[in-house]
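The values are calculated or read from the model by the stated rules, or taken from the named source; none is laboratory data. No experiment lies behind these values; they were computed from the predicted model shown. No Cβ is skipped: glycine too gets one built from the backbone with ideal geometry, and neighbour counts run over all protein chains shown. Just the protein is used for accessible areas: all its heavy atoms, side chains included, with ligands, DNA and RNA removed. Shrake-Rupley method; radii C 1.70, N 1.55, O 1.52, S 1.80 Å.
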Amino acid sequence: MEKTGPNAEQIEYWNEAAGPRWVAMQNALDAQIAPFGHAVQERLGPSPGEHVLDVGCGCGQTSLELARRVTPSGSVTGLDISAVMLARARDRAAAAGLGNATFVQADAQTHAFPTPHDALFSRFGVMFFSDPPAAFANLGRALRSGARLGFVCWQSLQRNPWMLLPMMAAAQHLTMAPPPATDAPGPFAFADDARVRGILESAGFRDVAFEPLERTVMIGGPGASLDQAVEFMSQMGPAAAAFKDATPAARAAAAVAIRDSFRPHHGDDGVRMGSAVWIVTARRP
């Protein structure tokens, strides 16, 4: 995929930096965020025979789950900008024998979708567009009249201590990048429900609804030790870039600080901390 177009920075990031890390930590990530995808799928209600678009499908866990729900005659198209993540998704689909799941490397903001879909799904995959109104207008053209939309996105960083606390701990020892603007592409770009409602309605969606969901997450997956949870956050959390650029001494000090922030939340089943998301649903007229 050419590193051009309105989301060139994200294309480079998810192919060269984040994508390989996601593949390496796929099992832990799947276990940690799977419940959020399941919650959206229940609201979306995909049924046999439907054709579903999975935006930001990553390594394919959600696409394969959706593919099982729409068999025998339905299909799922998983869309992502990361070649390395899509390669893993294709391998998983082949291993599962799910021929009704196909994967396309493309930018959802600009891709010309050939076939109308019955539903659009995304698990943390729609917060990274440079121009969200344009992206959702384009995605709307991929849906038939009456199609449903369902996605999950993070609420604000302040309402997600599983990311905030270790980031604050690491910041005592690492040089952190300044926080992005609240509407800049990134994990928390859709925290403001009023803004997201405006984006969706301007793109032509109707019956837009937001359901707040708070639940604990298992950092690094169920059963992770303190050291495993620290390693996970040093690779995948908001401090990952700072870890990469820091001296060995600073990395070691930051790891100790994160470990200390996790200690009160560690039990026999792993490290549990709070999170808050929006489950967003809408309809294409």
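Computed over the stretch 103-204, the P(r) curve from all C-alpha pair distances, binned at 5 Å from the origin, holds 2, 11, 19, 23, 15, 11, 8, 6, 3, 1, 0 percent per bin. How would the stretch 181-249 be classified by its alpha-carbon gyration tensor: rounded, prolate or oblate, with rounded meaning a/c under 1.5 and the a/b versus b/c comparison settling the rest? Cα axes put the stretch 181-249 in the oblate bin. Accessible area per residue for the stretch 1-102, computed on protein heavy atoms with a 1.4 Å probe, is 41 Å². Relative contact order, whole percent, for the chain stands at 21, derived from Cα pairs under 8 Å and 6 or more residues apart.
Provide, for q = 0.08, 0.15 Å⁻¹, the log10 of I(q)/I(0) from a solvent-free Debye sum over equal Cα point scatterers in the chain. The computed values of log10 I(q)/I(0) come out as -0.33, -1.18. What the Cβ-Cβ distance of residue 158 and residue 210 gives, at R0 = 22 Å and to the nearest 0.05, is a FRET efficiency of 0.80. Available extension along the chain between residue 16 and residue 171 is 53.4 nm, counting 0.36 nm per residue and deducting the alpha carbon span. Each other residue within a Cβ distance under 11 Å of residue 76 adds +1 if Lys or Arg and -1 if Asp or Glu, for a net charge of -2. Surface composition of the stretch 203-271: carbon plus sulfur atoms contribute 52% of the solvent-accessible area (1.4 Å probe, protein chains only, all chains present). Please give the helix 161-170 orientation as an angle from the longest Cα principal axis of the chain, in degrees from 0 to 90, rounded to the nearest 10. Roughly 40 degrees, rounded to the nearest 10.
Among the protein heavy atoms, those of residue 230 account for about 10 Å² of accessible surface (1.4 Å probe, every chain in place). Counting only protein heavy atoms and a 1.4 Å probe, the stretch 105-174 has 35 square angstrom of accessible area per residue. If both residues of a DSSP beta bridge must be in the chain, then about 50% of such bridges are antiparallel. Scaled against 2.2 N^0.38 Å for its residue count N, the alpha carbon radius of gyration of the stretch 70-121 is 1.17. Ordered by 1.4 Å accessible area with all protein chains kept, 211, 9 run largest first as 9, 211.
Size of the stretch 160-285 from its Cα atoms: along the principal axes, largest to smallest, the extents are 55, 34, 16 Å.
Per-residue ellipticity at 222 nm from helix content only, as computed over the chain with -39500 (n - 2.57) for each DSSP H run of at least four residues, stands at -12500 deg cm²/dmol.
The residues 77, 216, 175, 62, sorted by heavy-atom accessible surface at 1.4 Å with ligands and nucleic acids left out, run 175, 216, 77, 62 from largest to smallest.
Taking all protein chains as shown and a probe of 1.4 angstrom, residue 173 keeps an accessible surface of around 80 Å².
Between the Cα long axis of helix 226-236 and the first principal axis of the chain there is an angle of about 60°, rounded to the nearest 10.
For residue 78, the residues whose modelled amide H falls within less than 5 Å of its own, excluding neighbours fewer than 5 places apart on the same chain, are 54, 102, 103, 104. Using only Cα atoms, find the angle between the long axis of helix 248-262 and the longest principal axis of the chain, and express it within 0 to 90 degrees, rounded to the nearest 10. With rounding to tens, the tilt is 70 degrees.
Across the stretch 1-72, how large is the tail of the calculated P(r) beyond 20 Å, expressed as a percent of all Cα pairs? For the stretch 1-72, the fraction of Cα-Cα distances above 20 Å is 43 percent.
Can you give me the % of accessible surface on the stretch 46-119 that is carbon or sulfur? Probe 1.4 Å, all protein chains present, nothing else counted. Of the solvent-accessible surface of the stretch 46-119, carbon and sulfur hold 55 percent.
Look at where the Cα atoms of the stretch 154-217 and of the stretch 38-60 average out, and the two centres are 22 Å apart. Over all other residues within a Cβ to Cβ distance under 15 Å of residue 184, the charged ones net out to -3, with Lys and Arg as +1 and Asp and Glu as -1.
Summary value for the stretch 20-130: 32 percent relative contact order, contacts being C-alpha pairs under 8 angstrom separated by 6+ residues.
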